[in-house]
Amino acid sequence: MSTNPTRVFIARLLGLDVFDPLGDRLGRLRDAVVLDRGAGRPPQAVGIVVEVPGKKRVFVPITRITSMDPSQIICTGLVNLRRFQQRGAEMLVVAELFDSKVILADGGGEATVEDIAIEQNRAGDWHVSSLFVRRGGQTSRLRGLRRRGELLIVDWAEIYRWDISGPQAATQFVAQHDDLKAADFAEALHEMSGKRRIEVASELQDERLADVLQELPDDDQVQILQSLDLERAADVLEEMDPDDAADLLNELPEEQKEELLQLMEPEDARDVRRLMEYEEDTAGSVMTPVPVILPPEATVAEALAHVRKEELTPALASSIYVCRPPLETPTGRYLGVVHIQKLLRAAPPEALGNILDTDLEPVRDYADISEISRMLATYNLNSLPVVNDGGRLVGAVTVDDVLDHLLPDDWRASDDTGPIMWQGRKNG
């Protein structure tokens, strides 16, 4: 390990690229791991958590790091690609120790940890040496706003007690990971202890929490939703895609499920209830009931304005479904679909009814998922229209909906298969 510098603050390293000695990028630093050695002894730094290509988080022992400073991190290049799993007395600095409470030995009372420095001793070992803390001030649970307080850097010896067992905010963790996509944030959340997972989830805005919940395994979803008060849980369910909300509610006890549906906005609850009526693994059970739907008189310009909406997934934005009024599902008679490529080639004033693709047959709402997947693969489609017995559009099935149901139930939590050792560029 390079001995210059011998002390680094973890928050300044977050997001840095990690390289092998030849300059090949291994991934990006997301956390550091320290070992609790008991009262009176500072935690020992044992390694870092690196997000490698494929969005998987792996552990790199600190003994394999040859240089670490606020500009870059260099390691030996030999990395075990097995997914990181916390063990024994290990603690994640960002996920668990940031925002924890300490009691200062000088009688200054309680302070909140905002950053942690690790330092290398003469023997080459790294340990927690000092903390950047805020004494006084308060944190807003949902908005991540922090009121002013006194900022201090204190040595480990100046800490009378460090408490991570009691209630703990998650402001720092949420702020440090604000740039993560929902799926990557969910993976970080899944790796935490149940207590910390709930604390971090409670810090998120409803919309962000809804996006993250949709990417978590079922058990984590249920744990988080049941930790919220009922009104907030209903608000989060409203922000979720209706099919994901229906899947989550089906994991809950019947009484709790009905109570949450009663608290949801009637329109949102209606969509979710309709999806819950379908048998599992049918088109109706996995579809979204709110695709982009327009009448045949609508113009290409209007259609393009609709698919530009930020909340639409790429799969949903790829198709406009044209129907007779009413345009809420179940709609009037389904007429056909206009794909995004056709929109881009057509003149803006052109009516959608003039450029319909009527060759693509809709699927029935009771069609099996295996039938849907074959159609998507055969015709290279991102989505398919779903109709009921009366030929009315009731929703659309997207390729990501199908993938979620074709993969094993525990795919979000399972480890990757294949070689577990990776080495940078071969010698010679």
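Read the figures in this text as sums done on the coordinates, not as results from a lab. Please read all numbers here as calculations on a predicted model, not as lab measurements. Every residue, glycine among them, receives a Cβ derived from its backbone with ideal geometry; neighbour counts consider all protein chains shown.
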Pair-distance profile P(r), taking every C-alpha pair of the range 1-74, with 5 angstrom steps and integer %: 3, 16, 27, 27, 16, 8, 3, 1, 0
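Nothing charged except the Cβ atoms of Lys and Arg (+1) and of Asp and Glu (-1): what's the magnitude of the dipole of the range 113-264 about its Cα centre? Round to the nearest 20 debye.
Roughly 1300 debye, rounded to the nearest 20.
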In Å, descending, principal axis extents of the Cα set of the range 127-258: 52, 28, 28
Sum of -39500 (n - 2.57) over DSSP H runs of 4+, divided by residues of the chain (222 nm, nearest 500): -7500 deg cm²/dmol
Rounded to the nearest 20 debye, dipole of the chain from Cβ charges on Lys, Arg, Asp, Glu: 2240
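Normalise the Cα radius of gyration of the range 158-197 by 2.2 N^0.38 Å (N = residues in it) and let me know the number. Please report the intermediate quantities before stating the final value.
Working: Rg = 12.6 Å, N = 40, 2.2 N^0.38 = 8.9 Å.
Normalised by 2.2 N^0.38 Å, the Cα Rg of the range 158-197 equals 1.41.
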For the range 64-126, projected area of the alpha-carbon convex hull averaged over all directions, nm²: 6.8
Within the range 10-107, chymotrypsin sites (Phe, Trp or Tyr not before Pro) in DSSP loop having at most 11 other beta-carbon neighbours inside 10 Å: none
Dipole of the chain [Lys/Arg +1, Asp/Glu -1 at C-beta], most positive-end residue of I159, L216, Q262: I159
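Based on alpha-carbon atoms only, what is the radius of gyration of the range 256-373 relative to the globular estimate 2.2 N^0.38 Å? Before the final figure, lay out each step's value.
Working: Rg = 15.9 Å, N = 118, 2.2 N^0.38 = 13.5 Å.
Relative to the rule-of-thumb radius for its length, the range 256-373 sits at 1.18.
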Selection from L327, A105, V290, by position along the positive dipole direction of the chain (Cβ): A105
Calculated on alpha-carbon atoms, Rg and Dmax of the range 342-384 in Å: 13.6, 39
The chain: radius of gyration and largest Cα-Cα distance (Dmax), Å: 25.8, 79
